[in-house]
Amino acid sequence: MAHFKQTQKSRQVKTMFDRLSGHYDLLNRMMTFGFDSVWRRRVIEKGSLPPGGRLLDVGAGTGDIAFTALQKEPTVRVTAADFSLGMMKKGRSRPGRNRIPWCSADALQLPFADGTFDAVTSGYLIRNVANPLQAFQEQFRVLKPGGGVVCLETSPPKQNLLRPLIVFHLNITIPFLGRLVGGNQAAYTYLPDTTRGFMKPDEMVATMQKAGFESVQYDLLMFGTMTIHSGRRPEKA
């Protein structure tokens with residue numbers, strides 16, 4: 001197990017996700033109206049993993065992206081990394097768990113050698129880290145030259161006609177579901193708050209480029225409230 005120094009924010013986030021682990025997957029399905037499974041498949045497609053390639057899923061939680069990768073390409077070698085033991089424990093109860101090495105790790109200090117993986121993915125990770133640039137720099141470091149990075153994230157709601165409905169969903173619906181299903185309204189108040197205060201898609205692009213990635217682009221999903229960002233580590237430094 002990796003050892004790492006936790007900030008106050010990381011301790012709070014870790015405790016929150018440990019508590020949410022039993023209901024997290026169900027609530028994700030409800031909050032996204034089931035579209036999260038479609039988005040995970042797109043994440044894997046954008047990773048362009050070769051047969052037998054190595055994938056690291058950072059902030060893997062219960063392994064949704066990791067399991068999706070194995071379903072799409074059974075020959076890939078997937079490593080799931082997270083710092084919430086509760087989330088990983090839940091993932092290790094799922095069918096197919098023995099095909100995935102689970103690693104306790106800090107996204108800001110990954111315990112892997114340089115150039116280890118063909119692709120690195122994450123889902124709803126970056127908004128929860130204390131230093132997004134450092135997280136992307138670590139992902140860049142562990143990627144092989146030419147390897148791909150793909151990030152599924154939330155995005156602040158735009159100023160348009162749909163904004164009142166989106167804000168209602170964030171402020172009212174999600175906390176209500178958190179209280180109804182998980183008994184934890186506070187956690188599902190935190191999640192909308194991080195969405196509203198998170199980087200805009202173009203700011204995320206700039207952060208990934210600063211970390212060294214090239215060909216960075218994004219797709220907007222769910223009326224612009226979700227994004228899939230992707231990029232590549234250059235073949236040559």
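The values are calculated or read from the model by the stated rules, or taken from the named source; none is laboratory data. None of the values given here were measured: they were computed from a predicted structure. Every residue, glycine among them, receives a Cβ derived from its backbone with ideal geometry; neighbour counts consider all protein chains shown.
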Original post:
Mind checking whether some residue in segment 119-128 is crowded, with 16+ Cβ neighbours inside 10 Å and without any contact (Cβ under 8 Å) to a residue 40 or more places away in the chain?
Top reply: no
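The rows are residues; the columns are (1) within 24 Å of S230 (Cβ to Cβ); (2) part of a helix (DSSP H, G or I); (3) modelled with pLDDT under 85.
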| site | (1), (2), (3) |
| --- | --- |
| R19 | no, yes, yes |
| G34 | yes, no, yes |
| F67 | yes, yes, no |
| V78 | yes, no, no |
| R94 | no, no, no |
Subject >> Positions within segment 65-83 being within 23 Å of A130 (Cα to Cα) and touching a Gly at 6+ places or on another chain (Cβ under 7 Å), in sequence order >> reply: I65, A80, D82
Original post:
When only residues in segment 202-221 that are touching a residue at least 24 places away in the same chain (Cβ under 8 Å) and farther than 18 Å from R232 by Cβ count, which is surrounded by the fewest Cβ atoms within 10 Å (Cβ to Cβ)?
Top reply: L220
Subject >> Output for segment 174-223, where each listed residue is hydroxyl-bearing (S, T, Y) and either at pLDDT 70 or above or under 17 Å from the mean Cα position of the chain (by Cα) (or both) >> reply: Y188, Y190, T194, T195, T207, S215, Y218
Original post:
Out of K46, K9, K14, which single residue is more than 20 Å from I100 (Cα to Cα), surrounded by 17 or more Cβ atoms within 10 Å (Cβ to Cβ) and modelled with pLDDT under 75?
Top reply: K14
Original post:
Among the residues of segment 82-120, how many are touching a helix residue (DSSP H, G or I) at 6+ places or on another chain (Cβ under 9 Å) and under 19 Å from L143 (Cα atoms)?
Top reply: 19
Original post:
Give me the pairs: first residue in segment 26-51 and among the basic types (K, R), second residue part of a helix (DSSP H, G or I) and surrounded by 14 or more Cβ atoms within 10 Å (Cβ to Cβ), beta-carbon distance under 8 Å, and six or more apart or on different chains, which are they?
Top reply: R29/D36; R40/D64; R40/I65; R40/T68; R41/T68; R41/K72
Original post:
Out of segment 52-87, which residues are surrounded by fewer than 23 Cβ atoms within 10 Å (Cβ to Cβ), of a type outside the set (V, I, T) and free of Cβ contacts under 8 Å to residues at least 40 places away in the same chain?
Top reply: G52, F67, L70, Q71, K72, E73, P74, R77
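Tally up the residues in segment 142-156 that are part of a strand (DSSP E or B) and either within 11 Å of I126 (Cα to Cα) or β-branched (V, I, T) (or both), please. Full working, then the answer.
Narrowing segment 142-156 to residues part of a strand (DSSP E or B): 143-154.
Then drop every residue that is not either within 11 Å of I126 (Cα to Cα) or β-branched (V, I, T) (or both), which leaves 149-154.
Selection size over segment 142-156: 6.
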